[in-house]
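Working notes, structure below.
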Amino acid sequence: MDPVIWFFVLGLVAGLSRSDLRLPPAVYDLLSTLLLLTIGLKGGVELARTSFAGLLPQVAAVIAIGLVIPLLVYPVANLLGRLGRANAASLAAHYGSVSVATYAVGVSFLVARSVDYDPQLPLFLVLLEVPAIMVGILLARGLNAETRWGALAHEIFLGRSIVLLVGGLAIGWAAGPEGVAPIEPLFFDLFKGVLALFLLEMGLIAASQAGAVSRHGFFLVIFGLLVPLPLAAIGAVIGWSIGLSVGGTLLLAVLSGSASYIAAPAAMRMAVPEANPSLSLTASLGITFPFNIFIGIPMYYTLAEMLHGRGG
């Protein structure tokens, strides 16, 4: 197991045992800022060597993933889970959007195995943040004239995670490898250490959802454990079909099988206030996130290798 995962375990155990271990909010904000900027910078540096014209078919496929996944998740949550329109739409938006932390663990997984991945994956990460949220809102409210689309667009597109990821991509692309070299010790060399501390806090937060897991019942647990598998498989197959490498196929599977707990909660809280946020957060952060970092990512890697003819 990658050593950074043990930091998540430490936070989880500390939280479940009601330890007084806490990271100050300012430290958590700094860690998440460094993590988002590092992912963006790495992608931007590599994108500087890539032709954007050749990426257009891949970009279209990735946006399609973001549009289709919430449409697949919604009937499961609404009909099988009987969560109601608003809660089912909110859950669909969370699972159609992505988890930056799960993506970062996937990158760490590949780095530990010296497996390269395609430079455009951070761009795909940004692209997958938005479409599912918009679909989720439409599923919940329809084309309602009362929806404050301007304020909502500001919340989504100028939210902290999008600004940092896009900003990092732009800086890395504009500066290139030589321009970014002086700041590599802070961002690139410390990536795993920053990720380890970030996962420590994620473990504490996941532990805080334990009570909600028991309150919201059997369906939410099964949903959080099983839904990521077919969604990740969709991402892996599409990644393979659009010509991504094994590492890139894995990361697109990770993005497709992950669930947002930053951008989607903020947007859905504004657009669909009648939805219960604890349902989506419990499923995404309390169940799916631990499942993906312990079990899902190795499974998705095996699937990526099989698709590329390296399995067995």
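The values are calculated or read from the model by the stated rules, or taken from the named source; none is laboratory data. Keep in mind it's a predicted model, so treat the numbers as computed, not measured. For neighbour counting, all protein chains shown are included, and Cβ atoms are generated from backbone atoms with ideal geometry for every residue, glycine included. Only protein heavy atoms, including side chains, enter the accessible area calculation; ligands, DNA and RNA are left aside. Shrake-Rupley method; radii C 1.70, N 1.55, O 1.52, S 1.80 Å.
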*helices (runs of 4 or more DSSP H) within region 216-312 that include 1 or more residues at pLDDT 85 or above and not basic (Lys, Arg)*: 228-241, 246-257, 277-281, 297-307
*Among the residues listed as 197, 158, 125, 110, the single one being under 26 Å from residue 65 (Cα atoms) and open to solvent by 30 Å² or more (accessible area, probe 1.4 Å)*: 158
*Could you check how many residues of region 2-43 are in contact (Cβ under 8 Å) with a residue 60 or more places away in the chain and either surrounded by 17 or more Cβ atoms within 10 Å (Cβ to Cβ) or not in a helix (DSSP H, G or I) (or both)?*
26
_Single match in 241, 208, 245 (criterion: in contact with an Asp or Glu (Cβ under 8 Å, 6 or more places away or on another chain) and open to solvent by 10 Å² or more (accessible area, probe 1.4 Å))_ = 245
*asked:* Looking at 105, 115, can you tell me which residue is under 21 Å from the mean Cα position of the chain (by Cα), of a type in the set (Val, Ile, Thr), modelled with pLDDT of 90 or more and not in a helix (DSSP H, G or I)?
replied: 115
*If you go through region 44-66, how many residues are open to solvent by 70 Å² or more (accessible area, probe 1.4 Å), in a loop (DSSP other than H, G, I, E, B) and in contact (Cβ under 8 Å) with a residue 40 or more places away in the chain?*
1
*Enumerate the pairs (first residue in region 111-122 and in contact (Cβ under 8 Å) with a residue 60 or more places away in the chain and within 16 Å of residue 39 (Cβ to Cβ); second residue anywhere and open to solvent by 60 Å² or more (accessible area, probe 1.4 Å) and in a helix (DSSP H, G or I)) with beta-carbon separation below 6 Å, excluding pairs fewer than 6 apart on the same chain, so at least 6 apart or on different chains.*
119/46
*Which residues, taken from region 291-303, are of a type outside the set (A, V, I, L, M, F, W, C) and open to solvent by less than 20 Å² (accessible area, probe 1.4 Å)?*
292, 296, 300
*asked:* Being surrounded by fewer than 15 Cβ atoms within 10 Å (Cβ to Cβ), more than 18 Å from the chain's Cα centre (by Cα) and of a type outside the set (D, E, K, R) is true for just one of 186, 220. Which residue is that?
replied: 186
*Pairs under 6 Å by beta carbon, first residue more than 14 Å from residue 142 (Cβ to Cβ) and touching a residue at least 12 places away in the same chain (Cβ under 8 Å) in region 76-90, partner of a type in the set (Val, Ile, Thr) and open to solvent by less than 40 Å² (accessible area, probe 1.4 Å), six or more apart or different chains?*
90/272
_The conditions are (1) of a type outside the set (A, V, I, L, M, F, W, C); (2) within 16 Å of residue 72 (Cα to Cα); (3) crowded, with 17+ Cβ neighbours inside 10 Å, and residue 230 fails exactly one of them. Which is it?_
(3)
